[in-house]
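Encoded as C-alpha cells, the structure appears first; notes follow it.
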Amino acid sequence: MQMDKYKKGEFGKCPRVACDGQPLLPMGQSDNVRVSPVRLYCARCEDLYNPKSHRHSQIDGAYFGTSFHNIVFQVYPNLLPPKSQKRYEPRIFGFRTHASAALIRWQHEQKDAIKERIVAAGAETGFEGEDEDNAIEEDEEGDGGEDGIDDMFEGGKNA
C-alpha cells in the first residue's frame, strides 16, 4: 500500500529541479510520539521537506519512524534512484556565471582567512602594502580624532 502511494507520488515530489520530480517518502525525525510531525524524504538529494498538504502535516512522524525510508529501499532496492552526475550551474537571467568569478571570490576569502590567522598570531602578514596600512591605522587611532572626517564637515581645522 505504501509502495503504491510512493510510486504514484501521493506524498509529493521533490521541489528541486535537479531531482526531476523524484517521489518523496514520509519519515519521522523521532521514534517518540508527539515530538515532531512527519517530514518528507527525497532519496535522490537526500534532503527532508515539510509536507505541503495540510492532511500530511497533521500526521505524527513517529508513526513512520526514523528508519521507514531505509527499510523501503532495503526491501525494494530497484526503487532507489541513481545519484545524479549533474552539477548545479549558477545562472543569472539564464546566463551561466563565469567560473573564474567563483574562483577569484574563493581565493579572496581564503586570503582574508589566512590574514586573520596571521594577525591573530601577532605576526606580519607579508602581503604587499598590508602591513603599512595596519601601521597607519594604528597611528590614526592614537590621534584622538582631531583631524577626522567629522572635523572636515564641521568646519574643523582641516576644512
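What to note about this one:
- Peptide ranges 96-106, 53-63, 33-43 listed from the most packed, as the mean C-beta count within 10 angstrom indicates: 33-43, 53-63, 96-106
- Computed FRET value (nearest 0.05) for residue 93 with residue 7, which takes r as the C-beta separation and R₀ as 41 Å: 0.65
- Just so you know, the Rg over Rh for the range 22-65 is 0.96, from Cα atoms, with Rh as the Kirkwood radius.
- Using a cutoff of 8 angstrom between alpha carbon atoms and counting only pairs six or more residues apart, the relative contact order for the range 2-79 works out to 27 percent.
- The residues packed around residue 64, meaning those with a beta-carbon under 15 Å from its beta-carbon, carry a net charge of +1 if Lys and Arg are +1 and Asp and Glu are -1.
- Computed log10 I(q)/I(0) for the range 2-102 at 0.12, 0.14, 0.18 Å⁻¹: -0.47, -0.60, -0.85, from the Debye equation with unit scatterers placed on every C-alpha and solvent omitted.
- FRET efficiency estimate (nearest 0.05) - Cβ-Cβ, residue 73 to residue 36, R0 30 angstrom: 0.85
- With the simple spin-label model, which puts each label point 7 Å out from Cα in the Cβ direction, the residue 18 to residue 63 separation comes to 3.3 nm.
- Annotation: extensible slack from residue 85 through residue 115 equals 7.2 nm (criterion: 0.36 nm per residue apart, minus Cα-Cα distance).
Bear in mind these aren't lab numbers, they're just calculated from the coordinates by the rules spelled out. Keep in mind the model is a prediction, meaning the values are calculated, not measured. With ideal geometry, Cβ positions are generated from the backbone for all residues, glycine too; neighbour counts draw on all protein chains shown.
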